[in-house]
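To start, I am sharing the structure in question, which I have written as structure tokens.
Just so it is clear, none of the values below were taken in a lab; they were calculated from the coordinates. All figures in this text were calculated on a predicted structure; none of them were measured in a lab. FYI the Cβ positions are ideal-geometry reconstructions off the backbone, even for glycines, and counts take in every protein chain you see.
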Amino acid sequence: LPTLGAATLLDAVINGHALMRDAGAASILCGFVSAAVVAALAVRGFVRYLTRHGLEPFGWYRLAVALLVWLMASGVVNVAGSSEETMERKPETATFAGGCFWCMEPPFEKLDGVVSVTAGYCGGTENSPTYEQVSSGATGYAESIQVVYDPVKISYEQLLDVFWMNVDPTQADGQFADRGPQYRTVIFYSTDEQKRLAEASKATLAQSGKFTKPIVTSVEPASPFYPAEDYHQDYAKKNPLRYKLYKIGSGREGYLKKTWGH
């Protein structure tokens, strides 16, 4: 008889844990509540069964409740751990346009939690644009970078902070010496949450008093991202002297030092 009741209770808890694991980290609480409800009904039925047969239910009841609490607590810890491991296996993507992509790769590549940074084109409609086409300014594309990152180690909000600190968000006709729509600043969002965070970050910057001019960086839905040609990838690493001269000559380095101190 006790074995029957314990098995029923254990099945209820295990089923609840299975629900939590299947639902993922975002639904851990729902899974916990579901398991608690099912297990409570099992305990109630077990107590009634004992009472109907003239047996003392309270000792078994206390034992069942203690077992339930212990299993729930240990289960939630394990589910949270496995959910975190799942999150670590699923990198997320952020896409930014900040003028010349040569200068936008290095600030993100050095961040802990960033998996990769790719130079490319976003914001246009043509398939597989080339550098020459984008450079004409007639395609709608902007030189961009796509950042793949581990959200457990670094947040999207932190990436936004790095973005703002490497551009002039008040320049409407390009970035520094590079002029044209292909050099405009854009935060491309791929989810509603990214859109919300980007707009909130932009509003916070505008209200900070850091700039006297309006923030003109746009927040736009991400169109397909096309990686740039190989010779553009990791340009700063492949051509450190040319990159340094370009960053100084374009006016970007002087602006960033004056505005942000770096």
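With just the Cα atoms of the range 101-171, tell me how far they stretch along each of the three principal axes, in Å, largest first.
Largest first, the range 101-171 extends 37, 27, 18 Å along its Cα principal axes.
Taking a threshold of 22 Å on the Cα-Cα distance, which of the pairs Lys90/Lys238; Lys195/Lys257; Lys110/Lys238; Lys238/Lys258 fall above it?
Values: Lys90/Lys238 30 Å; Lys195/Lys257 29 Å; Lys110/Lys238 16 Å; Lys238/Lys258 27 Å.
Lys90/Lys238; Lys195/Lys257; Lys238/Lys258, as the Cα separations exceed 22 Å there.
A further question on this structure: On full extension of the chain, what length is gained from Asp173 through Gln158, given 0.36 nm per residue of separation minus the C-alpha to C-alpha distance? Show your work: numbers first, answer last.
Values: separation 15, 0.36 × 15 = 5.40 nm, distance 2.62 nm.
So the chain would gain 2.8 nm between Asp173 and Gln158.
Quick check on packing: order 137-145, 122-130, 241-249 by the mean number of other C-beta atoms within 10 Å, highest mean leading. Could the numbers behind the result be given before it?
Numbers: 137-145: 22.0, 122-130: 15.9, 241-249: 13.6.
Ranked from most to least packed, the peptides come out as 137-145, 122-130, 241-249.
Now, a different point. Order the peptides 176-183, 154-161 from the highest to the lowest mean number of other Cβ atoms within 10 Å of their residues. Numbers along the way, then the final one.
Details: 176-183: 18.9, 154-161: 17.4.
In decreasing order of mean packing, 176-183, 154-161 become 176-183, 154-161.
If you take the C-alpha gyration tensor of the range 92-212, multiply each eigenvalue by 5 and take the square root, what semi-axes do you get, largest first, in whole Å?
Sorted largest first and rounded, they come to 22, 18, 13 Å.
Multiply the residue gap between Trp260 and Asp192 by 0.36 nm, knock off their C-alpha separation, and tell me the result in nm, one decimal place. All intermediate terms of the calculation are to be shown ahead of the outcome.
Values: separation 68, 0.36 × 68 = 24.48 nm, distance 2.94 nm.
So the extension gain works out to 21.5 nm.
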